[in-house]
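What follows is one structure encoded as structure tokens, with my remarks underneath.
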Amino acid sequence: MSFQGETKEKIRTGLREPKHYRVIMHNDDFTSMEFVVEILTDIFHKEQAEAERLMLTVHHKGKAAVGSYPYDLAVTKVQTAGKRAKEEGFPFRMTVEEDE
């Protein structure tokens, strides 16, 4: 039942999924394979086999995407890995790029 002069209000929440960003791991000639696997299991929560596969991809192809996260989480993971690498004396490098 509708009343005269009544308006229907459309509610738009405007909620969207946050953009995701890929974390890219880059190869270098100094960071140990064991350290890379440790970063992938500890910080990125990869299973051992997946961590080893990703490490070998980085080693052979020069880089690999290791995960896709909201921006703040991606940056935090990269910063955490970078800090640990610095403490261990490795030039380990990761970057963040917007997912398409």
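The values are calculated or read from the model by the stated rules, or taken from the named source; none is laboratory data. Values in this document were obtained by computation on a predicted structure and should not be read as measured data. Cβ: placed from backbone, ideal geometry, glycine included. Neighbour counts: every protein chain shown. Surface areas here come from the heavy atoms of the whole protein model, side chains and all, with no ligands, DNA or RNA. Shrake-Rupley method; radii C 1.70, N 1.55, O 1.52, S 1.80 Å.
Quick notes on this one:
- Once both labels are positioned 7 Å from their Cα atoms along Cα-to-Cβ, the gap between residue 47 and residue 19 label points is 3.3 nm.
- Every helix of 4 or more DSSP H residues in the chain counts as -39500 (n - 2.57), and over all residues that averages to -13500 deg cm²/dmol at 222 nm.
- Between residue 20 and 99, the built amide H atoms are under 5 Å apart, and every one of these is 5 or more places off in sequence or on another chain.
- The chain, accessible surface, carbon-and-sulfur percent (1.4 angstrom probe): 50
- Close Lys pairs in the chain (alpha-carbon distance under 24 Å; sequence gap of 8 or more, or different chains): 14.
- Residue 27 sits among other residues whose Cβ lies under 14 Å from its own Cβ, and their net charge, with Lys and Arg +1 and Asp and Glu -1, is +1.
- Rough spin-label spacing in nm, given labels placed 7 Å along Cα→Cβ, for residue 65 and residue 26: 1.9
- Gyration tensor (Cα) of the chain, equivalent ellipsoid semi-axes in angstrom: 44, 13, 11
- Of the residues 36, 60, 74, the one whose Cα sits farthest toward the positive end of the charge dipole of the chain, with +1 on the Cβ of Lys and Arg and -1 on the Cβ of Asp and Glu, is 74.
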